[in-house]
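Structure provided below as structure tokens; questions to follow.
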């Protein structure tokens, strides 16, 4: 199938406060997406999408782990380099 060029969603070096805003906004956006999927299924009397529930749990775990790293960077007066690349491939 057709591959699209990779897109850099996030790229740069950030102080911990900036990294927190960028990463937490991305994580919250993904959690909101999955919460909407769950609500949509409930409204249509469908089974709750297990994938969305699992993904929310993963995202919350990642956010907690990220907080530890961000707190460490803050205490050590360090910056964080973030490189978030999106790769899209058409599949059947």
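Every residue in the stretch 3-13 that is in contact with a strand residue (DSSP E or B) (Cβ under 8 Å, 6 or more places away or on another chain) and more than 22 Å from residue 56 (Cβ to Cβ), please.
Hits for the stretch 3-13 are 3, 4, 6, 7, 8, 11, 12, 13.
Here is a further query. Listed residues 10, 22; which is under 27 Å from residue 89 (Cβ atoms), touching a residue at least 40 places away in the same chain (Cβ under 8 Å) and part of a helix (DSSP H, G or I)?
Result: 22 is the single residue among 10, 22 that is under 27 Å from residue 89 (Cβ atoms), touching a residue at least 40 places away in the same chain (Cβ under 8 Å) and part of a helix (DSSP H, G or I).
Let me ask another. Within the stretch 37-82, track down each residue that is part of a loop (DSSP other than H, G, I, E, B), more than 15 Å from residue 22 (Cβ to Cβ) and either at pLDDT 95 or above or in contact with a strand residue (DSSP E or B) (Cβ under 7 Å, 6 or more places away or on another chain) (or both).
76, 77, 78
If a residue must be more than 18 Å from the chain's Cα centre (by Cα) and either surrounded by 10 or more Cβ atoms within 10 Å (Cβ to Cβ) or within 14 Å of residue 23 (Cβ to Cβ) (or both), how many such residues does the stretch 83-92 contain?
Adding up the residues that qualify gives 0.
How many of the residues making up the stretch 14-32 are surrounded by 12 or more Cβ atoms within 10 Å (Cβ to Cβ) and either touching a strand residue (DSSP E or B) at 6+ places or on another chain (Cβ under 9 Å) or on the phi > 0 side of the Ramachandran plot (or both)?
Within the stretch 14-32, residues that are surrounded by 12 or more Cβ atoms within 10 Å (Cβ to Cβ) and either touching a strand residue (DSSP E or B) at 6+ places or on another chain (Cβ under 9 Å) or on the phi > 0 side of the Ramachandran plot (or both) number 9.
Hey, another quick one. All but one of (1) exposed (fewer than 14 other Cβ atoms within 10 Å of the Cβ); (2) farther than 30 Å from residue 75 by Cβ; (3) free of Cβ contacts under 8 Å to residues at least 24 places away in the same chain hold for residue 4; state the number of the condition that does not hold.
All conditions pass for residue 4, except number (3).
Conditions (1) surrounded by 10 or more Cβ atoms within 10 Å (Cβ to Cβ); (2) over 15 Å from the mean Cα position of the chain (by Cα), marked per residue:
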site	(1), (2)
40	yes, yes
55	yes, no
61	yes, no
68	no, yes
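The values are calculated or read from the model by the stated rules, or taken from the named source; none is laboratory data. Note that the structure is predicted; figures quoted are calculated from it, not measured. Here Cβ is always computed from backbone atoms with ideal geometry, including for glycine, and neighbour counts include all displayed protein chains.
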